[in-house]
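The values are calculated or read from the model by the stated rules, or taken from the named source; none is laboratory data. Keep in mind that this is a model prediction, so the values were computed, not measured. All Cβ positions, even for glycine, are placed from backbone atoms using ideal geometry, and neighbour counts span all protein chains on display.
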Amino acid sequence: MYRSRIDRLLQTALPLLALLAAVIVLMILWFLWFESWPFIASGDLFNSNTWHPSENQYNLWPMVLGTLVTAFGAVVLAAPLGLGAALFCRFYAPQPLARIYRWILELMAGIPSVVYGFWGLVVLVPMIARWQGPGTSILAGILVLTLMILPTASLLAEAALEKTPEHWITGAYALGLNRWVMVRHLAIPHAYGGLLNALLLQAARALGETMAVLMVCGNIAVLPSSLFDPVRTLSANIALEMAYALDTHRAALYFSGLLLLLTVLLLVLGAGRLRQEYKHA
Amino acid sequence: MHSGLALRCDCRWLDRVVQALLWLLAALVCGVFCWLLFDIVIEGGAGLSWSFLSQLPEDAGRAGGIVSILVATLAVLVVCLSVALPIGLGTAIWLAEYSDHLTVARWVRSSLQLLAGVPSIVIGLFGYAFFCRALGFGYSLLAGGLTLACMVLPLLVGALEAGLRAVPESLRQGAAALGLSQAGTLLHLLLPAAAPALIAGLILSVGRALAETAALLFTSGYVTRMPESLADSGRVLSVHIFDLTMNVAGGDHYAYTTALVLLGLLCAINALAKLAVGVLFNGNARRNEQVFSQ
Amino acid sequence: MICNDKLFANRFVLFVRLLTMVLLGVFLASCSSERNKANHLQITGSSTMAPLLTEMAKAFEQRHPHARIDVQTGGSSRGVVDTRTGLADIGMASRALKPQERDLKAHTIARDGIAIIVHRNNPITGLSRAQVQAIYRGEQRHWQHVGGKDTAINVVSKAEGRSTLELFLDYFELRSSDIKAQTIIGDNEQGIKTVAGNPNAIGYVSIGTAQYSVEQGVAIKLLATSGVIPSSEAVRNGTFPLSRPLNLVTVKEPQGLAAQFIAFTRLATNEPLIEQQYFVPLAH
């Protein structure tokens, strides 16, 4: 290939930029490890029954469960809804309507988490409270999280579906296949990679969401026994207590951040494995 | 890939069912979002006025306006995008065009996905420790923008890399056959063709950046004074909303109005992004498609 | 448009050089803004006090045009730690100093009381000390046993480390692990909104904000505790037991701008500012 000066410049600059991007998360990991070391070294993690830092009790398990349950519930709800919204935008809606719908989704993706949390607190929580229990609950958390990750998930899914090759679609119609068959057997399988990526990014977002769950989940650090029980997530825990924490308590909070990150890492690796399998499909 | 069943069954009714279901779903999702939007507009619309947009906050935000907060938000956004765009663009191009044969590419991609999953509060703490303390920027718009750049990088790279990969190979082969350098191919063919993906990535990034609260509270700070430089501390819109709803008694009313302004800002930036990228690249993109898709 | 690669390369390099110079210029310019140590104060700490200090800082800056006072939040403990390490000139602490902090200087600028609140539709008007203890310990689960309707009590408490919680625990002689709550909140407003949204809830928040919310028609009401009705007047003349000082903390006797500012905050002319944020000015 013709090696011009600009090409050589790109050959050196681009990998450097990519490495810079990759290094950020490594720095964050190192930072978390460094700050949480006093807690890990003290061994308090394993001889605690509850979470009461003022009495040196640092059991993180209820909060780990709380995080997993709310995030998982949100993803389970948002996946079909998001896919449906994306299919609607791309294949089933008339163009002007699809444009408006996409515009609404873009708008929703930009609403701050505090607004979702606040709305959840003053609208959703009283509604749930009338049905059962304290209102601030896993259910409220799942609903608010779904609301938050749905727009971005739909937009990313729609972008993935948009890349279906035009000649596949026209070929399918030419063969007499109807729209749903084309979507189910051509468009969606072609977009598996992008759909999975969208879901993965939003699952990671749901795991890490702080402000909104802080307001609607109740923040009780005990194992829940029903959908209507309050629960505390790891990130809400950090947000609630970091401002007032010192020494071991602070290190314990950083450790919970590290735990969160490791959960996301597992998610990412697992999804990577899945994607490898689908590449051969 | 698809079974012969598809060809054999006359599934027109299935398409109708799916269509009805999807319309219902869309109406449901739309309905909930419109409910939320409606609440914001109804509660916040009354306070919206030119003086609200042009005055400084008074009485802990319950009176006056938000001009200094708007300026701070825009400044933080500009810093964020001017750092994230070059790095994101470079990374995406490298991942899509230069590095398929390298195993380190997979690590870079995984690390970006991991970055996407870091909780906003952890990024805020990291940003405080690194940008504010270690690098010495203190509570400042610069630190806030840099922290935000860390958050939006995965979104930008993801969208752009997908866009670049979707560009048909024929474009690249044609360019190589004509002796075009890689830089030329990128600038004149690939980037224009990936322009819609760039817009999508930009819009998602700006949305995410504007929506961020915890990260900015710890890095760009709480001060409501009009910032005089990037080294000054400044409050952004989302932090202001948070303070008014959770910390200040009687701040709800102006919190809704601020949320309305934020949505308006988002709309404006989205429209601008579409316009800018369209003007810069669309002429090229359409011409290229016509030439190369024969 | 760019016609050939050599031209593009030259222009690209030129662009990079220009960009570097611009960024450097911006950075240098930003370094030389009014960031003089002598006229700059950094105040961090309690988020409860932050709105009040922001307004006071603004009033002070109007009188002293070259002064720059930055108020940041981060919590009472962070305020104390930052002051000690020199990251902040003054710390905001919405509590009395702890024993291990006695080497620092506290300057009280206002007081704040804590009131127990329930939903407006709740028929009870007061609770005895023992009843409050039983409710928060989880021993008393239903409103009917304390004079209310036949529904379960929804206990709202504050997150650990907050000064409001510590004051509450101290007064009712409870430990943090004794409390069996259904909802834990962070800031006062979250508490008010949670109680206003649930007819069976009980919680405790700052008196001033509770009074203001009642005036605005928010669906809560204040409860008398052990026969004492919570009010700002009672806090002001010291007869209300559940109250805490709002302190500005410094490492040693403040000097220069810090001294001027702290003296300013204690002027009687600033009492309206304190009352506007629903705290209680000190009795003079």
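Only one of the listed residues (A:His249, A:His185) is surrounded by fewer than 24 Cβ atoms within 10 Å (Cβ to Cβ) and within 14 Å of chain C (Cβ to nearest Cβ). That residue is A:His249.
Kindly check whether there is at least one residue in the range A:18-26 that is over 30 Å from B:Ser181 (Cα atoms), in contact (Cβ under 8 Å) with a residue 60 or more places away in the chain, surrounded by fewer than 19 Cβ atoms within 10 Å (Cβ to Cβ) and over 18 Å from the mean Cα position of the chain (by Cα). The answer is no; no qualifying residue exists. Contact annotation: residue pairs with Cβ atoms under 8 Å, 6 or more positions apart or on different chains, pairing a residue in the range B:226-245 that is within 15 Å of B:Gly144 (Cα to Cα) with a partner that is assigned to a loop (DSSP other than H, G, I, E, B) and among the aliphatic types (A, V, I, L, M), are B:Asp232/B:Val223; B:Ser233/B:Val223; B:Gly234/B:Val223; B:Arg235/B:Val223; B:Leu237/B:Ile66; B:His240/B:Ile66. Scanning the range A:204-230 for residues that are closer than 26 Å to B:Gln113 by Cβ and more than 8 Å from every other protein chain (Cβ to nearest Cβ) gives A:Ala206, A:Ala212, A:Val213, A:Cys217.
Please state which one of B:Ile87, B:Ile93 is crowded, with 24+ Cβ neighbours inside 10 Å, at the interface with chain A (Cβ under 10 Å from one of its Cβ atoms) and at pLDDT 90 or above.
B:Ile93
Look at the range B:21-57 and say how many of its residues are within 30 Å of B:Glu228 (Cβ to Cβ) and either in contact with a helix residue (DSSP H, G or I) (Cβ under 8 Å, 6 or more places away or on another chain) or part of a helix (DSSP H, G or I) (or both).
Residues meeting the conditions: 11.
All conditions in (1) in contact with a strand residue (DSSP E or B) (Cβ under 7 Å, 6 or more places away or on another chain); (2) without any contact (Cβ under 8 Å) to a residue 12 or more places away in the chain hold for A:Ala41, with the sole exception of (1). Restricting the range A:14-64 to residues that are in a helix (DSSP H, G or I) and β-branched (Val, Ile, Thr), the residue that is farthest from the other protein chains (Cβ to nearest Cβ) is A:Ile40. Being assigned to a helix (DSSP H, G or I), small (Gly, Ala, Ser) and at the interface with chain A (Cβ under 8 Å from one of its Cβ atoms) holds for only one residue in B:Gly158, B:Gly127, and it is B:Gly158. Return the residue satisfying two criteria in turn: it lies in the range B:198-226 and is more than 9 Å from every other protein chain (Cβ to nearest Cβ) and surrounded by fewer than 24 Cβ atoms within 10 Å (Cβ to Cβ), and of such residues it is modelled with the lowest pLDDT. Out of the qualifying residues, it is B:Ile199. Of the strands (runs of 3 or more DSSP E) lying entirely inside the range C:39-106, those carrying at least 2 residues that are buried (at least 19 other Cβ atoms within 10 Å of the Cβ) and in contact (Cβ under 8 Å) with a residue 40 or more places away in the chain are C:40-45, C:90-93. When only residues in the range C:223-250 that are aliphatic (A, V, I, L, M) and surrounded by fewer than 18 Cβ atoms within 10 Å (Cβ to Cβ) count, which is nearest to the other protein chains (Cβ to nearest Cβ)? By that ranking, first place goes to C:Ile229. Annotation for the range B:96-119: at least one member residue is part of a helix (DSSP H, G or I), free of Cβ contacts under 8 Å to residues at least 12 places away in the same chain and touching a Ser or Thr at 6+ places or on another chain (Cβ under 8 Å).
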